[in-house]
1. Take residue B:123 and tell me if it is more than 14 Å from every other protein chain (Cβ to nearest Cβ), at pLDDT below 75 and under 30 Å from residue A:70 (Cα atoms).
2. Looking at residue A:63, is it in contact with a helix residue (DSSP H, G or I) (Cβ under 6 Å, 6 or more places away or on another chain) and on the phi > 0 side of the Ramachandran plot?
3. From the list B:82, B:76, exactly one residue is modelled with pLDDT of 75 or more, within 14 Å of chain A (Cβ to nearest Cβ) and more than 16 Å from the chain's Cα centre (by Cα). Which is it?
4. Evaluate the following for residue B:2: is it modelled with pLDDT under 75, within 14 Å of chain A (Cβ to nearest Cβ) and surrounded by fewer than 17 Cβ atoms within 10 Å (Cβ to Cβ)?
5. Give the number of residues within the stretch A:1-57 that are more than 14 Å from chain B (Cβ to nearest Cβ), modelled with pLDDT of 90 or more and buried (at least 16 other Cβ atoms within 10 Å of the Cβ).
6. Quick one: residue B:92 ticks every box in (1) modelled with pLDDT under 80; (2) on the phi < 0 side of the Ramachandran plot; (3) away from chain A (no Cβ under 14 Å) bar one, so which box is it?
7. Tally the residues that are loosely packed, with under 12 Cβ neighbours inside 10 Å and at pLDDT 90 or above, restricting the search to the stretch A:58-87.
8. Residues being facing another protein chain (nearest Cβ under 10 Å) and in contact (Cβ under 8 Å) with a residue 40 or more places away in the chain: count how many of those fall in the stretch A:58-79.
């Protein structure tokens, strides 16, 4: 899609997996670090445990993030890492959104 | 969720990840305080000859960098456990600067080790038995540079803490100098004048300058560490509450 092109199709083309606010926040956080622990992700996004689990499962199902499970001093720690597909989807979403938004100064 | 919100989320994550990888803050401040205390201790005229339970005080003090590493680990575990591990994205420029300090430390230790070995090889110890008796150079101290260097790549994650460690190690190595070199110096009755002449003046001025530098650096490290600790607390406060 070219920049500035605003059509209903362009809006409908937005990746809904990324467009949902909670998932957009999750992907933004994951894109800012290499690996993020569940607890931090929960606090920084302000989501409940159940909500976060549900969204991360959806993102993992489409291959946008990978779940990593490990033990730290015998305590299980769940972390997430954004995949290349996830990074590309987030980048594309930003580009699409920028193209859809009106230019500065236009009503 | 607006764009600024997303920017804030990204910035919070980056800041938290950077801090989590280092877990310094108060440890850096502590390093500055220890450097100041060591420098002030060095000003004491009796330090080199002082003995504690039969051993020279300096022999204990040269382990201070390891005490700092242990304290840093403890501070990280108790104060900076936070909200779980967050690995920062690789930052090539920062890594280069970190390795610059570690390599600088390695070069300094290597130079010192060579000087120590040279002193041993020169056999000056036999020339000056009285000084050698005052400050016997234990052979294990030759291994100290390696011991100081060994944990550096793994333990030193931040620039500030790398500086703190380098200054602490540097001070201890300067204390080891008498063990390696000055204790082997020819006795006063030999070629050197009693007051060490111009060499003594220059080295004295150099040492005073170095101590002043360490005092200033220590004070700055304390301020920086304290500030970093508060930045970490601010990050935690900025995180939203669970909905």
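1. no
2. yes
3. The match here is B:76.
4. Answer is yes for this residue.
5. 1
6. (3)
7. 2
8. Qualifying residue count, the stretch A:58-79: 3.
The values are calculated or read from the model by the stated rules, or taken from the named source; none is laboratory data. In this text, all values refer to a predicted model and were calculated from it rather than measured experimentally. Please note: Cβ atoms are built from the backbone with ideal geometry, for glycine as well, and neighbour counts cover all protein chains shown.
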